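J.: I am attaching a structure below and will ask some questions about it afterwards.
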Amino acid sequence: MSTFQAPKGVSEYVPPRSAAFLAARDAFAAAAAGAGYSYLELPVFEDTQLFARGVGESTDVVTKEMYTFLDKGDRSITLRPEITAGALRAVLEHNLHRGALPVKVWAVGPVFRYEQPQSGRYRQFYQVDLEALGAEDPAIDAEMIALAWDYYQGLGLRQVVLKLNTLGDAECRPAYRAALQAFLRGLDLDAETRARVEINPLRVLDDKRPEVKAQLGGAPLITDHLCAACKAHYDKVRELLADLSIPWTDDPRLVRGLDYYTRTLFEFDHPLLGAQSGIGGGGRYDGLSETIGGPALPGIGFGLGLDRIVLAMEAEHVPAVAGASVKVYGVALGDTAAREIFRLVTALRRAGVPADQGFGGRSMKAGMKGADRSGAEWALILGERDLAAGTVQLKELATGAQTEIQLSDVIEVLKGKYA
Ligand code: HAM
């Protein structure tokens, strides 16, 4: 170990765990592209006000968890605590919403929140994020939920639980909020929670402390206060999910930690992950565009936590589908043979055969150890005597069976197996 360690609470991936991370990320890229979502590459820092206004001044994320600093030009900058606000900012800035609607986009990358680190909760973590802008159709809500569901299933996760709720809209939520506040004001709560009742009463429903939970039994539920349009929207989303045989639980107390949500709200949980079981979540945010100074533009999206997805894959013992791992490993004895192996390994790669080799002019034994460690299926062994005869030894590592082939045939033979 050097003098340095990674900063507290960051997640990072080194082999062999990095293979699962990459598999999870790449599978999402394929799923998003396969459903017509285009890629966004976004900055990891933005104007602080974008998040203050977009995510919401009353959220923990904004009040307690942002990495905010002044840059050398005295601008207040914040490392993104989520991707949605920046994605919408980019869509509006580049006028994508003036083209065909909905605008369907996705992004991936690091996200920063100053939280108390624990297993599955980090200060730098990774999200894949999917957003659709400009459509109020409940079918887009269902498409998105189905895409996430099928993505988890495709990774091999079998224990994912989907929870659904709706938060109503500008028409029905104010009356519900007032009814909830009236109920909460009658409870025995500490000062901080009482303050929350006045600013963001829905968050109190989400309080996990037993002494608070015990008092919430009779709380009014949003689902009993929906206006006709919101009820119809929610019913349609559930009807479409049922058509796709996607199982869910209605959770009328589901509230998420960001202020921008309206109507459909959903969360994916993994029961084997303990306290940090949320492996993804999202919802509609029909007013967010206006909140950040844009035109009226309905939207819906989700963010999935890649770190927790990797933990879930490990908990369910899902093998990470390895990408293009090495198939052939070159071992040379002597300088001239090393030069030829070096040329051959590159030629194999150019022919589409994943290949690697030993470095450092080591012994035969060290070279074969390297071949075993590489996970390759074949060792290509070249000594001075082979070289003189214009041949090379091809050894199948699983069985130990070795055949001699002409040097001039090597590429064709291996290409036939892999390329
Ligand atoms: P979020 O629920 O705050 O939503 O985060 C989404 C996911 O990121 C969570 O379900 C979890 O898997 C992961 N996550 C959150 N915090 C941490 C952490 N400290 N360490 C590790 N993983 C974490 C959003 O961020 C919204 N922007 C989602 C969205 C997109 N809504 C609409 N569009």
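Bear in mind that the values in this text are calculations on the coordinates, not laboratory data. Just so we're clear, the structure is a prediction, and the values are computed from it rather than from any experiment. No Cβ is skipped: glycine too gets one built from the backbone with ideal geometry, and neighbour counts run over all protein chains shown.
J.: How much length would be gained if the chain were fully extended between ILE199 and PHE4, taking 0.36 nm per residue of separation minus their Cα-Cα distance, in nm to one decimal? Walk me through the numbers before you get to the answer.
T.: Details: separation 195, 0.36 × 195 = 70.20 nm, distance 4.26 nm.
My answer for the length gained is 65.9 nm.
J.: Using the count of nearby Cβ atoms within 10 Å as a rough guide to exposure, how do PHE125, PHE342, PHE268 rank from fewest to most?
T.: Placing the least packed residue first, the sequence is PHE342, PHE125, PHE268.
J.: If you build a Gaussian network model of the chain, linking Cα atoms that sit under 10 Å apart, which residue out of GLN159, GLN127, GLN406 swings the most?
T.: Largest GNM mean-square fluctuation: GLN406.
J.: Residues of the stretch 48-70 with backbone nitrogen within less than 12 Å of a virtual label 7 Å along the Cα-to-Cβ line of GLU93, please, listed as ranges.
T.: Output list for this probe position: 48, 50.
J.: Test of understanding: ordering TRP248, TRP106 by Cβ neighbours within 10 Å, fewest first, what list do you get? Could you put the intermediate results ahead of the total?
T.: Details: TRP248 17, TRP106 24.
By the 10 Å Cβ count, ascending, the order reads TRP248, TRP106.
J.: Calculated FRET efficiency, ALA30 and THR336, Cβ-Cβ r, R0 35 Å, to nearest 0.05?
T.: 0.20
J.: How much FRET efficiency would the formula 1/(1 + (r/R0)^6) give for VAL44 and VAL14, where r is the Cβ-Cβ distance and R0 is 25 Å, rounded to 0.05?
T.: Calculated value: 0.75.
J.: Quick one: ARG373, ARG25, fewest Cβ neighbours within 10 Å first, how do they rank?
T.: With the sparsest Cβ surroundings first, the list reads ARG373, ARG25.
J.: Something else about it: Mind listing the long-range amide H neighbours of THR264? Cut-off is under 5 Å, sequence gap 5 or more, other chains count too, H placed in the peptide plane at 1.01 Å from N.
T.: For THR264, whose amide H was placed from the backbone, the distant partners under 5 Å are LEU167, ARG284.
J.: Could you give the length gained by full extension between ALA182 and GLN406, i.e. 0.36 nm per residue of separation minus their alpha carbon distance, to one decimal place?
T.: Taking 0.36 nm per residue and subtracting the Cα distance, the gain is 72.0 nm.
J.: Take ALA191 and LYS64, extend 7 Å from each Cα along the Cα→Cβ direction, and tell me the distance between the two endpoints in nm.
T.: Distance between label points: 1.7 nm.
J.: Between LYS415 and ARG362, with labels modelled 7 Å along Cα→Cβ, what's the label distance in nm to one decimal, could you check?
T.: Roughly 3.0 nm, to one decimal.
J.: Which residue, chosen from LEU147, ALA366, ALA351, occupies the Cα position most advanced towards the positive end of the dipole of the chain, where the dipole is computed from +1 (Lys, Arg) and -1 (Asp, Glu) charges on Cβ about the Cα centre?
T.: Towards the positive end, the residue furthest out is ALA366.
J.: Grab the DSSP H runs of the chain that are 4 residues or longer, score each as -39,500 (n - 2.57), total them, divide by all residues and round the 222 nm result to the nearest 500 deg cm²/dmol.
T.: Estimated from H runs of four or more residues: -11000 deg cm²/dmol.
J.: Still on this model: Rounded to the nearest 0.05, what FRET efficiency do THR346 and SER325 give with R0 = 22 Å and r taken as the Cβ-Cβ distance? Could you check?
T.: 0.80
J.: Also, I was wondering about something else. Return the sequence-ordered ³J(HN,Hα) values of the stretch 351-357 in whole Hz as given by the Karplus equation 6.51 cos²θ - 1.76 cosθ + 1.60 applied to θ = phi - 60°, using x for Gly and Pro.
T.: 8, x, 9, x, 9, 9, 8
J.: Can you pick out the pairs among LYS64/LYS236; LYS72/LYS208; LYS8/LYS369; LYS8/LYS208; LYS104/LYS327 whose Cα atoms lie more than 31 Å from each other?
T.: Numbers: LYS64/LYS236 37 Å; LYS72/LYS208 41 Å; LYS8/LYS369 36 Å; LYS8/LYS208 26 Å; LYS104/LYS327 38 Å.
Cα-Cα > 31 Å for LYS64/LYS236; LYS72/LYS208; LYS8/LYS369; LYS104/LYS327; rest within.
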